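Data first, discussion second: the structure below is written as structure tokens.
Only the coordinates and a few stated rules stand behind these numbers; no lab work does. A quick note: this is a predicted structure, and the numbers were derived from the prediction, not measured. Ideal geometry is used to build each Cβ from the backbone, glycine not excepted, and the neighbour counts take in all protein chains shown.
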Amino acid sequence: MHRHFVVVLLALLLGLQAVTTDLYLPTLPAIRDSLGTSMGEIQLTLTALLLAFGISQLVWGPMSDRFGRRPVLLWGMSAYVLASLACVAAPGIDWLIAARAVQGIAMGAAVMAARAIVRDLYPPHEGAQVMSQALTGLGVIACTCAPVGGLLSDWVGWRYALFSVTLFGLLTLGLLLWGYRETLPQRRMDALQWRSLWQSNVEIFRHPVFLTWCALSSASYLGLFTFLATSSFVFTQQLGYSKTTYGLLMLTMSLSYIVGTFWGRWMLRRTSIHRTVGLAAVLSVLGGALLTLLAHLGVGQAWYGGWAVMLPVYCYMFAHGVHQPCGQSAAVAPFPFKAGTASALNGFLMMLGAFFMGDWLGRNMDVPVFALAHGMLVWSTLLAIVAWTAVQRHGRPLTLEAA
């Protein structure tokens, strides 16, 4: 497969997560009103998706090491399309929560396999650059998600917005059927045996390189998740913006992320991964601290409140464009023959954190802008600590010949 095709395919597979969440976010207030449900139940449609997404990767990863990436991707994407149609047809909140959970299970196959494919095809430093290119594509996809979700929700209703998710799934499935060739270099016949599976996960979890980069990518993602889970309520309810305007603000957020991926690749061509991440962490913690300061000064209530929220978020998202490609590719780098299992464990830990963060947000959304600011401050601070300590000591991704 040509590298350009691989990058496009990876962008679609990784972009599935953005489509499933970002496009859905502008519809949350409309879904709550249409189905007559509570804030906590609405948050559960996100947390159920993410918990199912994380847990499913623990199964998909070893399956892909045993049977290959291609069959896992085809089964997963087929299930994703069916679950997306079930979301469109949901008559009530319980149905929607269940359909979103199945959607999360299916999405786990796509995102897990994308990270594993990078390790199958490329050495660590080149893999970080390829992942960065793919995440630039994800950023482009994310740019369109929130505006499309907002426009469709405003003009024709939230069910049509969710139907567009089904169409994206069909496009990705079609590309897999047409052009994807198996990348797994060697099947592990014992990958699904309980003893081997347990030993593999313990070995990966104890590895300092994996722990370091997994902590970095998870903290960076959880800061983003905090924004995604709260932003529609901050902008459309607390600040009174329309869903369309909110979608456009989300577009600008994605643009800052895209610029960050370009800067990250520029830095990786000139210096090491751990130095690049250390510099980006300055912007991460600056964004979290500035957002918290402005929220407590009360500028979120003024006419320029939207920009008081977005400017710190731009700083954070620029750095996120560096942390994610570096973190996701480097966490898997020491395990060339267990890339699926390592990718799955990384994804599970990330989504486990998102589940608990979503539960906390559901109980602390009395003032949405404070929930947003305090959450992002916690994760940006943790991210900076990891980037300036553990990454500098253990974070150099060594390619080890894992058994």
- Message: Filter the chain for me: DSSP H helices, axial length by Cα at least 27 angstrom, mean Kyte-Doolittle hydropathy not below -0.5. List them by residue number.
- Response: 3-22, 39-67, 69-88, 93-121, 124-155, 158-179, 208-233, 243-268, 273-297, 305-332, 339-363, 368-388
- Message: As a test of the definition: which semi-axes, in Å, follow for the range 317-386 when you take the square root of five times each eigenvalue of its alpha carbon gyration tensor? Largest first, please.
- Response: 28, 15, 8
- Item | Exposure proxy order (Cβ contacts within 10 Å, fewest to most) of S84, S380 | S84, S380
- Query: Sorted from fewest to most neighbouring beta carbons within 10 Å, what does the list S132, S254, S164, S329 look like?
  - Reply: S164, S254, S132, S329
- Cα-derived Rg to Rh of the chain, Kirkwood definition: 0.95
- When all Cα-Cα pair distances of the range 209-292 are considered, the percent exceeding 14 Å is 74
- Note on the structure: When M350, M310 are ranked with the fewest other C-beta atoms within 10 Å first, the list becomes M310, M350
- Message: In Å, what Kirkwood hydrodynamic radius results for the range 1-120 from the alpha-carbon pair distances?
- Response: 14.9
- Message: With viscosity set to 1.567 mPa s at 4 °C, what whole-number translational diffusion coefficient in µm²/s follows for the range 328-367 from Stokes-Einstein and a Kirkwood radius over Cα pairs?
- Response: 111
- Message: For a bin width of 5 Å, list the pair-distance distribution of the range 250-393 built from all Cα-Cα distances, rounded to whole %.
- Response: 2, 10, 16, 18, 21, 16, 9, 5, 2, 1, 0
- The longest stretch of the chain containing none of the chymotrypsin sites (Phe, Trp or Tyr not before Pro) that sit in a DSSP loop with at most 15 other Cβ atoms within 10 Å is 1-302
- Message: At 222 nm, what value in deg cm²/dmol follows for the chain if DSSP H runs of at least 4 each add -39500 (n - 2.57) and the sum is divided by all its residues, to the nearest 500?
- Response: -28500 deg cm²/dmol
